[in-house]
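Just below is one structure, and these are the notes that go with it.
The values are calculated or read from the model by the stated rules, or taken from the named source; none is laboratory data. Please read these numbers as outputs of a predicted model, since none were measured by experiment. As a convention, Cβ positions derive from the backbone with ideal geometry for all residues, glycine included, and neighbour counts pool all protein chains shown. For accessibility, only protein heavy atoms count, side chains too; no ligands or nucleic acids. Shrake-Rupley method; radii C 1.70, N 1.55, O 1.52, S 1.80 Å.
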Amino acid sequence: MANIIMFGILAVVILGSAVMCVATKRIMRAATFLFFVLFGVAGLYFILDYTFLGAAQLSIYAGGITMMYIFAIQLVNRRTLQGLVEHVKGSRAIGAALVTLAGFLTVTIVLLKNEFLFRACEVADEEVSMNVIGEALVGSEKYQYVLPFEFISVFLLACIIGGIVVARKEKEDK
């Protein structure tokens, strides 16, 4: 019963923060609401007893990625962000609604076609050990993840260098 109550609380926090993240006009508030969404998702992992995923969610996404967003926001010139208000016309709103509907239908068809909803009820008999998870993370064979991690680390390094170059270029122009 306690898990259901905690799930309800986390669901309200996640949904409310997600709506506020896309509804606010202040970019730092959006980053703060994104932090609460990621923190709530980590809470869901902990409720499911996925401690490794919960810790990874907290350290990588809620900690690292959110801080990178905040640093990127701080690197951008404040005058650039002040005039950043977009006016949505009726035709764009209709187009956005159609794209959203098409995406929802695509996800629904894929879920029903591949029977993901019915397989989700099947639970493994035993928990996966940390050794198996560790070998999968550092392995380079099929269904192992060292190559995607390396690609993401190089991509993030390129983003950081790009941010530094943009920040230095603005200082030189002044």
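A search for C-beta distances below 9 Å between a residue of segment 125-142 that is in a helix (DSSP H, G or I) and any residue that is of a type in the set (Phe, Trp, Tyr) and open to solvent by less than 100 Å² (accessible area, probe 1.4 Å), counting only pairs 6+ apart in sequence or on different chains, returns Met130/Phe52; Ile133/Phe52.
Confirm whether Gly43 is at pLDDT 85 or above, of a type outside the set (A, V, I, L, M, F, W, C) and open to solvent by less than 90 Å² (accessible area, probe 1.4 Å). Spell out how you get there, then give the answer.
Working: at pLDDT 85 or above: yes; of a type outside the set (A, V, I, L, M, F, W, C): yes; open to solvent by less than 90 Å² (accessible area, probe 1.4 Å): yes.
The answer is yes for Gly43.
Within segment 151-174, restricting attention to residues that are among the charged types (D, E, K, R) and surrounded by fewer than 12 Cβ atoms within 10 Å (Cβ to Cβ), the residue that is modelled with the highest pLDDT is Arg168.
Matching residues to (1) in contact (Cβ under 8 Å) with a residue 24 or more places away in the chain; (2) under 27 Å from Glu127 (Cα atoms); (3) surrounded by fewer than 17 Cβ atoms within 10 Å (Cβ to Cβ); (4) not basic (Lys, Arg):
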| residue | (1), (2), (3), (4) |
| --- | --- |
| Asn3 | yes, yes, yes, yes |
| Ser17 | no, no, no, yes |
| Val22 | no, no, yes, yes |
| Phe33 | no, no, no, yes |
| Leu38 | yes, yes, no, yes |
| Ile65 | yes, no, yes, yes |
